1. For the range 179-372, what is the relative contact order in percent, using Cα pairs closer than 8 Å and at least 6 residues apart in sequence?
2. Determine the gain in length on full extension of the stretch residue 69-residue 238; use 0.36 nm per residue of separation and subtract their C-alpha separation, reporting nm with one decimal.
3. Of 178, 297, 85, which is farthest on the positive side of the dipole of the chain, counting Cα position, with +1 on Lys and Arg Cβ, -1 on Asp and Glu Cβ, and the Cα centre as origin?
4. Give me a comma-separated list of calculated 3J(HN,Hα) values for the range 365-378, in order, Karplus coefficients 6.51, -1.76, 1.60 applied at θ = phi - 60°, integers in Hz, x for any Gly or Pro.
5. When 369, 75 are ordered from fewest to most other Cβ atoms inside 10 Å of their Cβ, what list results?
6. Using the count of nearby Cβ atoms within 10 Å as a rough guide to exposure, how do 388, 2, 52, 151 rank from fewest to most?
7. Once every DSSP H run of n ≥ 4 in the chain is given -39500 (n - 2.57) and the sum is divided by its residues, what mean residue ellipticity at 222 nm do you get, rounded to the nearest 500 deg cm²/dmol?
8. Rank 351, 324, 100 by how far each Cα sits towards the positive end of the charge dipole of the chain (+1 on Lys, Arg Cβ; -1 on Asp, Glu Cβ) and give me just the farthest.
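What follows is calculated from the coordinates using simple rules that are stated; it is not laboratory data. Here the structure is a predicted model, which means the values were calculated and not measured. Methodologically, a virtual Cβ is constructed for each residue, glycine included, from the backbone with ideal geometry; neighbour enumeration extends over all protein chains shown.
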Amino acid sequence: MTMINVFTSSWGQLERIGSNAGDEAIFAAQVKDLSAVPGIRVGVMSADPAKTEERFGAVPFDVSVGRLKAMRQGVRWADIVIVGGGELAQDRSSLLYTPFNLMPLRLAKTCGKPAFAWSVGIGQGEELARWTPGQLAKWLGSCRGVTVRDTPSHDLLMALGLDAEKVLLSSDSTFSLSDEFPGVGPREEILGVAIRNVSNRQGRLLPLEVRRRLGIHRDPDVTDLRKRWAALLDRHLETRGGVVHLFPFHTGSLSNSDDTECEAVMTMMRHHEQAELVSPDRIRKFMERIGKCRVFLTVPLHGAILSVVTGTVPVSVPYASKGFRFMEEAGLGRLAVSHSEDDWDVRVDELIGQAWSIRSPLRDEVLAVRSRLAEACRLNLRHFIDTTLGK
């Protein structure tokens, strides 16, 4: 059997000490899909090669030699290069974010390797620098095929002039994991919560990690926001009972660490003894814990996505358009509340109340959404095979 090496720009392991549950779920889903094709061997950048190889059976390219060097090694090794899934382009966390994400396509072009964009999202409006749309048109236009996870991303690429037959609307790649979770059955009296400090998203040139290393970043005071989160969770416990489980999706130094934020909010809660921090060490275990929650309240996008993947009702407080885009795509836009609203916490509490009842019609609605998005997710692998594999 002829082996085909496929290098993906997803992360097998983001940091040696730390994790990103959203990125890991995306990669796990990609490995699952690609493994269904005989002869494919998956390679990925990793900060913990041994863990990546042990957990996913993937060929790791060690980023300790430098991320760009590891990326170049992966592209040279590959027969096919994949970018995505996830948010491929946005310029709010760093002006280097989009150029770095597009770099595998540049390298693929240089090395004469075919490329494919897998279930990507594209920032909207002011989330993109003025030069980014042109770069997207150029480098996504060089791909054999593109799948996007939401309608606004698809529409933007169509407006940029990409070939309509090359670009397909699918769904987030993690929906290929939905068949591993039953979705139905009784839920425990658990409010799942994923909090994130997003004060670093200011459109600066350098990523947060680099700014901290250079000593040019000062953390803003987010005490008042943490107090509002603590009060919201206390109010829920006092009115509905049960327990609160906090899910840190991102831990480590690449961004503000969610476990730090969760712990800070817990210390401010009057009923902190009814709150527990959930370890993100193993992605499927992490998702199993999400699947036990009656409602999942989340700031990170993949908190909302993985709650639907596991059949749990999400209430979303997005920090970027990608969160609102997903909730609208899922037909659950009424369960998303902006942090910029003065009474966001009051509205969130009302939405939790609507979803908390074990007889809430929202449960059946989420299961129907899950089924629809899981079906759309199959287009990722199908389009990759049709446009890129063996061409």
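1. Relative CO of the range 179-372 lands at 24 percent.
2. Residue separation times 0.36 nm, minus the Cα-Cα distance, leaves 55.5 nm.
3. 85
4. So the Karplus estimates, Gly and Pro as x, are 5, 5, 5, 5, 4, 4, 4, 5, 6, 5, 5, 5, 4, 4 Hz.
5. If I rank by nearby Cβ atoms, fewest first, I get 369, 75.
6. Ranked by crowding around the Cβ, least crowded first: 2, 151, 388, 52.
7. Using -39500 (n - 2.57) per qualifying helix, the result is -13500 deg cm²/dmol.
8. 100
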